[in-house]
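Enquirer: Mind having a look at this structure? Questions to follow.
The values are calculated or read from the model by the stated rules, or taken from the named source; none is laboratory data. Here the structure is a predicted model, which is why all the values come from computation and not from measurement. Please note: Cβ atoms are built from the backbone with ideal geometry, for glycine as well, and neighbour counts cover all protein chains shown.
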Amino acid sequence: MTQQDLDAAVAHWLSRLETALSTGDGRRLQSLFHSDSHWRDVLALTWRITTVSGRDAVGEELRTAGRPSRVEIDPNRTPPRRVTRAGRETIEAIFRFETAEGRGEGLVRLTPDSDGTLKAWTLLTALEALKGHEEQVGRARPHGESYSRDFRGPNWLDLRKQAEAYSDRDPAVLVVGGGQAGLSIAARLTQLGVDTLIVDRLPRIGDNWRTRYHALTLHNQVQVNHLPYMPFPPSWPTYIPKDKLAGWFEAYVESLELNYWTGTEFEGARYDEAEGRWTVTLSRDGTPRTLRPRHVVLATGVSGIPNIPSIPTLETFGGTVLHSSRYEDGDAWTGKSALVIGTGNSGHDIAQDLQSSGAKVTLVQRSPTLIVNIEPSAQLPYALYDEGPSLEDCDLITVATPLALGKQTHAILTGQARQIDKPLLDGLERIGFRLDFGEDNTGWQFKYLTRGGGYYFNVGCSDLLVEGKIGLLQFADIDCFVAEGARLRSGDVLAADLIVLATGYKGQEALVAKLFGDEVARRVGPIWGFSEDQELRNMFMRTPQPGLWFIAGSLAQCRIYSKYLALQIKALEAGVLADSAKVRTVPTLRAPART
């Protein structure tokens, strides 16, 4: 098909979709979809982030959803094109539409039926902007006249200091955590005109990366990791060092005028149902402070409190024991012996750092672990970002991938990675390393999305294991710990001066209970992992606890989904969306009466 043919085919399907939606004709809607189709809506027609699967269910849900208008190919985006997704050839097209309150963007993937009729395999509808509440960027940017022409009044710096002090007001939104999640959501809200304050317990912006172990760099490539509004310079390295990223965070806060309190501990909060506000207790540089925001966004990461397992007899060990979160570098352990318990990314990286510092290191494996070479295998899921579409379009394509399609895609990619990495994997199995490839062979991405870990991107530690330069021990072969180290079931003692517990972190549920109380934690329920509607639980969306929101994940996830979280908060603040704890109820758009 020529480009003209592709455009015509997509335009015809979109026209039929708009007609069927306008009349609420369920049968006509069903006729537009394959039996194995999926519809993902991100706020546009249901005010939820949800996925519906199967032709009948898709047709019924669309029939009762909002009625978009002006559904058409977006001429400013990547034009309709033929691509392969999850091993299936499809026509992929980006379109735009409007609702009563917003402007939307969408993506459809069309494949032919048995009679050659093009039908939808997947459909995405996503809210792009609220009418009358657009971001203050581009042509809508502030004019700045008052900063330079009112010689007697406060200048820009005076106003910034006043805004950041919160001496005479409360923020509408308090963001807890100043990493990529906190910065992304604060930037989005600020550009929507929502008064937002970030608080972080660390003394300097960027310390959440700066204080990690000495050798750390990001494990995915720079083109995937941009923050909203302010992309990394084109001269930056493919893999960003932690300290370089930390410095960028400082520049980001300054450039985007984000209100940020360092050295501030979030001690707890209680919610006033009648007023719709939180009473938040903070400690800023040791001084108590109380704020009353309407919203609290917990942006402290996928994981919360360090997981320090109860290991029998470990207390008898006479050396140093520390969790990976407290590890900085191996310089102090040159010439010493170390056991690193845990074989995820942190365990491997710490073991390699210790070995490079001249320590004798043994990596202790507790459970099977997925291993994938950092290049090219770990980068396969991000190939989309090298295909040519803009970052904006790549992000939309990513959002348009429902759970089922994602699993199929990652099973294919995992198979490819296993072939590419076969020499390494065979070597690891020869030394007794237990390998895992994820549920249904879906690889590291779904391990991350379901449990937040359980894999290692090999940047050299696996090779050191195979070469015998780092030892390998199965945890089950340890009989007990003694003052000198670990006594094995064989009777031998493996001497150690240091034991590092690279045992991960507890889920956010534990942190919610600590900060907000058990009742709120029970009300919210599980966080992260997938729910019955094929979405991450309580993430980026309204939760059963009014005024409490969660954002976490990679830099890419935070960039993408901060937009949708911010739109929900703005819609509540502007009165577009009614506040309700009944998050399963589909709010009705104030749309024209149905005919």
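Enquirer: Could you list all residues from the range 1-45 that are crowded, with 21+ Cβ neighbours inside 10 Å and assigned to a loop (DSSP other than H, G, I, E, B)?
Expert: The answer is 32, 43, 44, 45.
Enquirer: Let me ask something else. Restricting the search to the range 267-290, which residues are in contact with a Leu (Cβ under 6 Å, 6 or more places away or on another chain) and under 22 Å from residue 184 (Cβ atoms)? Steps first, please.
Expert: Narrowing the range 267-290 to residues in contact with a Leu (Cβ under 6 Å, 6 or more places away or on another chain): 268, 280, 289.
The one that is in contact with a Leu (Cβ under 6 Å, 6 or more places away or on another chain) and under 22 Å from residue 184 (Cβ atoms): 280.
Enquirer: So which residues in the range 165-195 are in contact with a Lys or Arg (Cβ under 7 Å, 6 or more places away or on another chain) and more than 14 Å from residue 260 (Cβ to Cβ)?
Expert: Hits for the range 165-195 are 170, 172, 188, 192, 194.
Enquirer: Now, a different point. Being within 27 Å of residue 327 (Cα to Cα) and not in a loop (DSSP other than H, G, I, E, B) is the filter here; which residues of the range 205-226 pass it? Reasoning before the result, please.
Expert: Our first condition is that a residue be within 27 Å of residue 327 (Cα to Cα); within the range 205-226, this holds for 205-222, 225.
Scanning the range 205-226 gives 207, 208, 209, 210, 217, 222.
Enquirer: Can you find even one residue in the range 321-333 that is assigned by TED's automatic domain parsing to the domain that holds residue 166 and modelled with pLDDT of 95 or more? Lay out the reasoning, then the answer.
Expert: Restricting attention to the range 321-333, the residues satisfying the condition of being assigned by TED's automatic domain parsing to the domain that holds residue 166 are none.
For the range 321-333, residues assigned by TED's automatic domain parsing to the domain that holds residue 166 and modelled with pLDDT of 95 or more: absent.
Enquirer: To continue, here is another question. Output the number of the condition that residue 457 fails; it satisfies all remaining conditions of (1) surrounded by 19 or more Cβ atoms within 10 Å (Cβ to Cβ); (2) out of contact with any His (no Cβ under 6 Å at 6 or more places or on another chain).
Expert: Going through (1) surrounded by 19 or more Cβ atoms within 10 Å (Cβ to Cβ); (2) out of contact with any His (no Cβ under 6 Å at 6 or more places or on another chain) one by one, residue 457 breaks only (2).
Enquirer: Let me ask another. Find the residue count for the range 521-536, including only residues that are farther than 20 Å from residue 270 by Cα and without any contact (Cβ under 8 Å) to a residue 40 or more places away in the chain. Reasoning before the result, please.
Expert: Start the filter on the range 521-536 by keeping residues that are farther than 20 Å from residue 270 by Cα, which leaves 528-536.
Still in the running and without any contact (Cβ under 8 Å) to a residue 40 or more places away in the chain: 531-532.
Residues that pass the stated criteria total 2.
Enquirer: If I filter the range 541-556 down to residues being under 29 Å from residue 326 (Cα atoms) and of a type outside the set (A, V, I, L, M), which single residue comes out as surrounded by the fewest Cβ atoms within 10 Å (Cβ to Cβ)?
Expert: Ranking the candidates gives 554 first.
Let's see how each residue does on (1) more than 21 Å from residue 467 (Cα to Cα); (2) touching a Pro at 6+ places or on another chain (Cβ under 8 Å); (3) surrounded by 17 or more Cβ atoms within 10 Å (Cβ to Cβ):
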| position | (1), (2), (3) |
| --- | --- |
| 340 | no, no, yes |
| 346 | no, no, yes |
| 355 | no, no, yes |
| 367 | yes, no, no |
| 370 | no, no, yes |
| 387 | yes, no, no |
| 396 | yes, no, yes |
| 399 | yes, no, yes |
| 407 | yes, no, yes |
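Enquirer: Moving to a separate point now. Checking the condition over 33 Å from the mean Cα position of the chain (by Cα) and surrounded by 20 or more Cβ atoms within 10 Å (Cβ to Cβ), which residue from 516, 481 passes? Quick ask: steps written out before the conclusion?
Expert: Details: 516 fails: over 33 Å from the mean Cα position of the chain (by Cα).
Within the list 516, 481, the selection yields 481.
Enquirer: Residue 469 passes all but one of (1) of a type in the set (Lys, Arg); (2) in contact with a helix residue (DSSP H, G or I) (Cβ under 7 Å, 6 or more places away or on another chain); (3) surrounded by fewer than 21 Cβ atoms within 10 Å (Cβ to Cβ); (4) under 30 Å from residue 282 (Cα atoms); which number fails?
Expert: Failed condition: (4).
Enquirer: Which of the residues belonging to the range 272-295 are more than 28 Å from the chain's Cα centre (by Cα) and part of a loop (DSSP other than H, G, I, E, B)?
Expert: 273, 274, 275, 285, 286
Enquirer: When the range 239-263 is examined, which residues are found to be out of contact with any strand residue (DSSP E or B) (no Cβ under 9 Å at 6 or more places or on another chain) and either free of Cβ contacts under 8 Å to residues at least 12 places away in the same chain or in a strand (DSSP E or B) (or both)?
Expert: Result: 254, single match.
Enquirer: Looking only at the range 250-275, which residues are among the hydroxyl-bearing types (Ser, Thr, Tyr) and under 29 Å from residue 136 (Cβ atoms)?
Expert: Residues satisfying the conditions are 252, 255, 260, 262, 264.
Enquirer: Sticking with this one: Take residues that are over 17 Å from residue 15 (Cβ atoms) and among the acidic types (Asp, Glu) and tell me which of the strands (runs of 3 or more DSSP E) falling wholly in the range 78-117 contain 1 or more.
Expert: Details: elements: 81-85, 88-98, 102-112.
Those strands (runs of 3 or more DSSP E) span 88-98, 102-112.
Enquirer: Which one of these does residue 106 not meet: (1) under 27 Å from the mean Cα position of the chain (by Cα); (2) surrounded by fewer than 17 Cβ atoms within 10 Å (Cβ to Cβ)?
Expert: Unmet condition: (2).
Enquirer: Here's another thing I want to ask about it. Go through the range 234-293 and report how many residues are over 30 Å from residue 459 (Cα atoms) and of a type outside the set (A, V, I, L, M).
Expert: Keep residues of the range 234-293 that are over 30 Å from residue 459 (Cα atoms), which gives 253-293.
Filter once more, so that each one left must be of a type outside the set (A, V, I, L, M): 254-255, 257, 259-268, 270-273, 275-279, 281, 283-290, 292-293.
Of the residues in that region, 33 qualify.
Enquirer: Could you check how many residues of the range 116-164 are at pLDDT 95 or above and among the aliphatic types (A, V, I, L, M)?
Expert: 8
Enquirer: Of all the strands (runs of 3 or more DSSP E) wholly in the range 296-362, which have at least 1 residues that are within 13 Å of residue 496 (Cα to Cα)? Spell out how you get there, then give the answer.
Expert: Details: elements: 303-306, 320-323, 337-341.
Where strands (runs of 3 or more DSSP E) fall fully within the range 296-362 and carry at least 1 residues being within 13 Å of residue 496 (Cα to Cα), they are 320-323, 337-341.
Enquirer: Find the helices (runs of 4 or more DSSP H) located wholly in the range 401-490 whose residues include 1 or more that are modelled with pLDDT of 95 or more, and list them. Break it down stepwise before answering.
Expert: Numbers: elements: 403-420, 422-430, 443-451, 461-466.
In the range 401-490, 403-420, 422-430, 461-466 are the helices (runs of 4 or more DSSP H) which contain 1 or more residues that are modelled with pLDDT of 95 or more.
Enquirer: Is it the case that residue 163 is assigned by TED's automatic domain parsing to the domain that holds residue 288 and either outside any loop (DSSP other than H, G, I, E, B) or over 23 Å from residue 197 (Cβ atoms) (or both)?
Expert: yes
Enquirer: So in the range 220-254, with the set limited to residues that are among the hydroxyl-bearing types (Ser, Thr, Tyr) and at pLDDT below 95, which one is surrounded by the fewest Cβ atoms within 10 Å (Cβ to Cβ)?
Expert: As a first pass, look at the range 220-254 and keep what is among the hydroxyl-bearing types (Ser, Thr, Tyr): 229, 235, 238-239, 252.
Going one step further and asking which of them are at pLDDT below 95, we end up with 238-239.
Working: 238: 12, 239: 15.
Step by step, filter the range 220-254, then rank; the result is 238.
Enquirer: What pairs come out if I take residues in the range 471-497 that are under 21 Å from residue 347 (Cα atoms) and pair them with residues that are modelled with pLDDT under 95 and assigned to a strand (DSSP E or B) whose C-beta lies under 7 Å away, six or more apart or interchain?
Expert: Qualifying pairs under 7 Å: none.
Enquirer: Which residues, counting only those in the range 189-204, are in a loop (DSSP other than H, G, I, E, B) and either more than 18 Å from residue 325 (Cα to Cα) or among the β-branched types (Val, Ile, Thr) (or both)? Walk me through how you get there before you give the answer.
Expert: Within the range 189-204, the subset in a loop (DSSP other than H, G, I, E, B) is 192-195, 200-204.
Scanning the range 189-204 gives 192, 193, 194, 195.
Enquirer: Consider residue 293 carefully, then state whether it is touching a His at 6+ places or on another chain (Cβ under 8 Å) and touching a residue at least 60 places away in the same chain (Cβ under 8 Å).
Expert: On the way: touching a His at 6+ places or on another chain (Cβ under 8 Å): no; touching a residue at least 60 places away in the same chain (Cβ under 8 Å): yes.
Against the criterion (touching a His at 6+ places or on another chain (Cβ under 8 Å) and touching a residue at least 60 places away in the same chain (Cβ under 8 Å)), residue 293 does not qualify.
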